[in-house]
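The values are calculated or read from the model by the stated rules, or taken from the named source; none is laboratory data. Given the structure is predicted, the values throughout are model-derived calculations rather than measurements. Here the Cβ positions follow ideal geometry from the backbone for every residue, glycine too, while neighbour counts run over all protein chains shown.
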């Protein structure tokens with residue numbers, strides 16, 4: 001697909017603006033190599049203006065009836081649906097994922113606005129019994145205030161929506177920093193919010209680099225931080241944020257565990273299904289497959305067979321399942337992980353390299369690697385690419401031990417026919433969510449998604465009423481009769 005390059009602007013206080021800076025960023029498509037568009041880079045004056053606008057708008061918005069806030073969210077969803085195809089094509093062009101995935105992202109973004117609209121009107125408080133008969137106690141929820149939001153490049157629209165929808169529904173205001181190289185979709189989506197009637201100042205979009213993100217986090221007018229991204233960046237953000245409220249969804253290295261009694265064909269399909277979407281650039285992607293040695297050979301045979309259906313190519317071609325990686329840093333990480341695996345004796349069964357002759361150097365072949373050592377980079381780090389590393393364990397205890405030998409703990413999966421084993425892994429895997437007999441890349445908008453507290457994967461929850469709870473203060477009223 002070829003398109004005329006876009007020249008977009010920052011969005012501050014209800015209007016698109018060039019901002020106060022003189023620098024700009026050119027967005028280059030990982031799919032085609034073409035110039036997709038240009039965005040201005042914000043400076044401190046732009047940040048100050050956005051925070052001031054958000055502060056004024058939030059005070060008014062928090063006083064608006066929750067039913068009116070919910071109605072606005074429904075109107076935003078309607079506008080997103082109207083522009084689904086335009087938003088999806090732009091996202092695929094600047095991000096690289098197949099068009100079918102982008103369409104699904106846009107559809108889910110609209111759904112999130114609807115879900116959180118309904119969640120907000122049912123965010124109930126409680127009456128509490130008091131030991132003092134002259135007192136009446138009750139709880140209620142109030143917006144925290146102005147949130148600084150930092151979103152990643154793998155799901156530009158969807159992860160913006162994961163904060164914008166619950167934030168608006170609960171009476172908050174947002175100053176959002178999307179990454180520069182996938183910011184066009186978010187800026188285009190703001191046109192939907194404007195058309196729906198979002199009050200000026202409630203949502204501000206300022207694509208920027210790392211130092212600008214640091215300034216956003218440290219700004220005295222920012223009351224809370226929402227972040228989705230790597231654990232390394234998350235640690236820096238939290239150190240800068242201090243005692244500000246935060247929702248931190250960080251890296252995952254999700255294990256898919258295959259027990260001896262598993263349906264091997266289903267497990268192999270799930271492993272592949274968890275590795276190719278968004279070219280593996282998903283925090284809950286299949287990062288490690290840990291299989292019982294008694295079924296290893298049969299499982300790997302099924303895994304290689306399943307991998308044959310993954311077509312790498314033009315993301316605008318309906319036959320394509322696997323598009324390019326988004327950026328050179330991620331591709332270089334895959335190169336480094338694969339070189340380390342080969343040096344340590346792992347066996348590359350499928351793929352294992354960038355494909356030549358493509359429009360850019362970011363097309364990485366779907367990859368299956370067997371005999372992966374537990375101390376290799378493929379095992380210890382989040383690869384964030386289209387790779388299925390296979391690790392072998394002796395028995396159920398060993399499989400669980402290997403799964404938990406991981407500094408990250410976002411989402412995992414287990415394949416078994418035993419309810420006893422299923423519940424054991426649900427309760428003992430050190431991750432935020434365990435999915436049984438399904439890909440560990442599975443998610444639903446109405447479930448709480450986030451990391452286990454003992455791991456370097458953050459805290460807070462994305463999804464359902466839980467994000468609304470995290471984006472509000474629980475207040476208590478006491479009346480003396």
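Results for (1) free of Cβ contacts under 8 Å to residues at least 60 places away in the same chain; (2) under 22 Å from the mean Cα position of the chain (by Cα); (3) closer than 20 Å to residue 288 by Cβ; (4) surrounded by 18 or more Cβ atoms within 10 Å (Cβ to Cβ), shown as yes or no for each residue.
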{"site": "307", "(1), (2), (3), (4)": "no, no, yes, yes"}
{"site": "314", "(1), (2), (3), (4)": "no, no, no, yes"}
{"site": "318", "(1), (2), (3), (4)": "no, no, no, no"}
{"site": "326", "(1), (2), (3), (4)": "no, yes, no, yes"}
{"site": "329", "(1), (2), (3), (4)": "yes, yes, no, no"}
{"site": "338", "(1), (2), (3), (4)": "yes, no, yes, yes"}
{"site": "363", "(1), (2), (3), (4)": "yes, yes, no, yes"}
{"site": "369", "(1), (2), (3), (4)": "yes, no, yes, yes"}
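Among the residues of region 410-431, write down those that are out of contact with any strand residue (DSSP E or B) (no Cβ under 6 Å at 6 or more places or on another chain) and closer than 16 Å to residue 251 by Cβ. Break it down stepwise before answering.
Of the residues in region 410-431, the ones out of contact with any strand residue (DSSP E or B) (no Cβ under 6 Å at 6 or more places or on another chain) are 410, 416-421, 423-424, 427-428, 430.
Residues satisfying the conditions are 410, 430.
Let's see how each residue does on (1) under 22 Å from residue 166 (Cβ atoms); (2) part of a loop (DSSP other than H, G, I, E, B); (3) not assigned by TED's automatic domain parsing to the domain that holds residue 311:
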site	(1), (2), (3)
214	no, no, yes
221	yes, yes, yes
235	no, no, yes
238	yes, no, yes
246	yes, no, yes
260	no, yes, no
278	no, no, no
Exercise for the section: Only one of these is touching a helix residue (DSSP H, G or I) at 6+ places or on another chain (Cβ under 7 Å), over 21 Å from residue 405 (Cβ atoms) and buried (at least 22 other Cβ atoms within 10 Å of the Cβ): 259, 322. Name it. Expected result: 322
Fill in the blank from the handout: Residue pairs within 8 Å by beta carbon, gap of at least six or interchain, first lying in region 112-128 and assigned by TED's automatic domain parsing to the domain that holds residue 170, second loosely packed, with under 13 Cβ neighbours inside 10 Å and assigned to a helix (DSSP H, G or I), listed first then second, are 121/67
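If you go through region 375-394 one residue at a time, how many are closer than 21 Å to residue 298 by Cα and touching a strand residue (DSSP E or B) at 6+ places or on another chain (Cβ under 7 Å)? Don't jump to the end; show me each part of the working.
Step one: filter region 375-394 for residues closer than 21 Å to residue 298 by Cα, giving 387-394.
Among the residues that remain, those that are also touching a strand residue (DSSP E or B) at 6+ places or on another chain (Cβ under 7 Å) are: 387-393.
Of the residues in region 375-394, 7 are closer than 21 Å to residue 298 by Cα and touching a strand residue (DSSP E or B) at 6+ places or on another chain (Cβ under 7 Å).
Can you tell me which residue among 152, 179, 156 is at pLDDT below 95, assigned by TED's automatic domain parsing to the domain that holds residue 240 and within 30 Å of residue 278 (Cα to Cα)?
Details: 152 fails: at pLDDT below 95; 156 fails: at pLDDT below 95.
That would be 179, the only listed residue that is at pLDDT below 95, assigned by TED's automatic domain parsing to the domain that holds residue 240 and within 30 Å of residue 278 (Cα to Cα).
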Practice task
Determine which single condition residue 130 fails, assuming it passes every other condition in (1) assigned to a helix (DSSP H, G or I); (2) more than 24 Å from residue 14 (Cα to Cα).
Solution key: (1)
Practice task
Mind listing whichever residues of region 280-305 are surrounded by fewer than 20 Cβ atoms within 10 Å (Cβ to Cβ) and either in contact (Cβ under 8 Å) with a residue 40 or more places away in the chain or part of a loop (DSSP other than H, G, I, E, B) (or both)?
Solution key: 293, 296, 304
